Every structure is written in structure tokens, then in C-alpha cells.
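The values are calculated or read from the model by the stated rules, or taken from the named source; none is laboratory data. Quick caveat: nothing in here was measured; it's all calculated off a predicted structure. Ideal geometry is used to build each Cβ from the backbone, glycine not excepted, and the neighbour counts take in all protein chains shown.
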Amino acid sequence: MKAMILAAGLGARLRPLTDRTPKPMLKIAGKPLLEYHIKRLSAAGITEIVINISWLADQIEDYFSDGSDFGVTIIWSREQSPLETGGGIFNALPALGPAPFLLISGDIWTDFPIETLSIKPLKPNNLAHLVLVDNPEHNLMGDFSLESNRVGFGSERHTYSGISILSPELFNDIDGQESVFPLRNVLRSAILSNRISGILYSGEWCDMGTLQRYTKLNKQITEG
């Protein structure tokens with residue numbers, strides 16, 4: 001199984017840190033956040049990784065190069081300007097190939113056991129498998145419901161963690177002109193067709209998308 005890490009965002013809510021440093025290169029306990037993701041994927045036996053980059057892309061590519069120093073092979077998917085989550089994945093599909101792949105958002109911190117996903121392909125008729133978490137303070141309404149391991153839009157919702165297995169078939173109906181769009185655009189129709197499964201994870205997870213959350217996370221990890 002291949003993996004894709006989303007790392008092309010501008011990180012506007014993390015300014016002024018991201019004025020000169022791309023968000024995935026912000027350090028947690030002295031190491032770039034992206035490095036943790038790559039090493040965890042390698043430890044899980046996933047060594048072919050596609051990473052999309054845009055803002056200050058050279059800094060990221062110069063640090064990781066082809067990935068060989070980290071035990072992986074990295075293919076860089078460059079975007080002239082960020083294409084959002086869905087557009088970034090769609091743009092990288094030629095490098096990802098026809099099989100389902102693991103997706104990780106580059107701005108999360110978690111101890112989720114990635115290896116449990118890498119050994120489980122999607123079940124027949126499924127187009128995706130999402131890892132959901134309890135709603136954090138910044139997303140109290142949640143994103144998706146979960147009933148009998150099926151993802152839906154029910155009343156009791158959880159937050160999408162940024163970790164999933166996706167089938168390239170999700171993007172079959174995307175027009176090439178529609179290059180900038182969020183992942184939720186393609187998930188919606190698949191959810192309504194009951195073709196997405198999910199699990200709820202209760203372990204460690206943090207979206208470090210703001211300066212306050214990043215500072216808090218870095219302090220917690222550095223001290224403990």
C-alpha cells in the first residue's frame with residue numbers, strides 16, 4: 001500500500017511562524033512534524049509515499065530529498081498554488097496508482113496505530129474508510145456520524161481525524177477543470193451511497209492548525 005501525506009497548505013492560522021517555515025516543517029520536540037509521519041509510515045511497512053507541497057516547497061524537498069535517509073521513497077507532487085485537500089489528492093493520483101492508499105493530513109499529531117490500516121484493504125463496494133475521533137473544542141459539532149461502522153450524516157457526529165484509506169474511484173466523476181476542492185466534496189456522495197466505513201479512535205490526537213494549539217502541543221511533547 002502507498003501513502004499520501006497532505007503538506008501543501010499555507011498554514012495561515014500559524015503565522016507568523018509559517019511566513020518563513022512551511023507548516024509541515026514546524027518542529028515538535030526538535031523535529032519537523034512531517035518527519036514523525038514519514039518515520040511512522042516506514043515503521044508500519046509503508047515505504048512508498050507521495051507528498052504534495054506548495055508553500056515554501058523547496059524547504060521541505062531539500063530536507064527530505066528522495067526519502068532514502070528515512071527508509072522510504074518519496075514522490076513529490078508540486079502544486080503551483082494549494083489545491084485544497086481533494087484537489088491535491090486528485091492531482092497526485094497518477095503517482096498513487098490504481099489501488100487504495102493511506103491518507104494522512106500533515107498537520108495532525110496522533111498515536112493511532114497506522115499498521116492496523118495498512119494490512120486491511122477496503123471491503124468490497126467501499127470507497128473509503130475513515131478514522132474518526134471525539135470532537136475537539138474547535139469542532140464541537142463534528143463532521144460525520146458512525147453507526148455499525150458506517151459513516152453517515154446522523155445527529156451524533158464525530159470529527160474526521162485526517163487519517164483514512166481512499167480508493168481512487170472516489171474521484172472518477174471529477175472533471176479535470178475542477179482542480180481546487182475539499183475532500184468532503186467527493187466523500188459526500190459516497191457517504192450518501194453507504195460506501196464509506198469508519199472507526200472511532202479514542203487515543204491521542206491533535207490538529208495543530210493554530211498557533212495556540214501548536215504551542216500547546218509542542219510544550220506537551222517536549223516536556224513529556
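A few remarks follow.
- Every test in (1) basic (K, R); (2) touching a Phe, Trp or Tyr at 6+ places or on another chain (Cβ under 8 Å); (3) closer than 18 Å to G106 by Cβ is passed by R157 save one, and that test is (3).
- Residues that are over 22 Å from G11 (Cα atoms) and of a type in the set (V, I, T) were ranked within the range 32-73; the one that is surrounded by the fewest Cβ atoms within 10 Å (Cβ to Cβ) is T73.
- Odd one out for G154, checked against (1) loosely packed, with under 14 Cβ neighbours inside 10 Å; (2) part of a loop (DSSP other than H, G, I, E, B); (3) out of contact with any Leu (no Cβ under 9 Å at 6 or more places or on another chain): (3)
- The criterion of at least 3 residues that are modelled with pLDDT of 95 or more is met, among helices (runs of 4 or more DSSP H) falling completely within the range 53-147, by 57-64, 84-96.
- I221 β-branched (V, I, T), surrounded by fewer than 20 Cβ atoms within 10 Å (Cβ to Cβ), in a loop (DSSP other than H, G, I, E, B) and touching a residue at least 60 places away in the same chain (Cβ under 8 Å): no
- Test: residue in the range 107-126 that is closer than 26 Å to T21 by Cβ and in contact with a Pro (Cβ under 8 Å, 6 or more places away or on another chain): yes
- G88, sole failed condition from (1) more than 28 Å from T210 (Cβ to Cβ); (2) in contact with an Asp or Glu (Cβ under 8 Å, 6 or more places away or on another chain); (3) buried (at least 20 other Cβ atoms within 10 Å of the Cβ): (1)
- Output for the range 1-37, where each listed residue is more than 19 Å from L166 (Cβ to Cβ), within 16 Å of the chain's Cα centre (by Cα) and assigned to a helix (DSSP H, G or I): K23, P24, M25, L33, L34, E35, Y36
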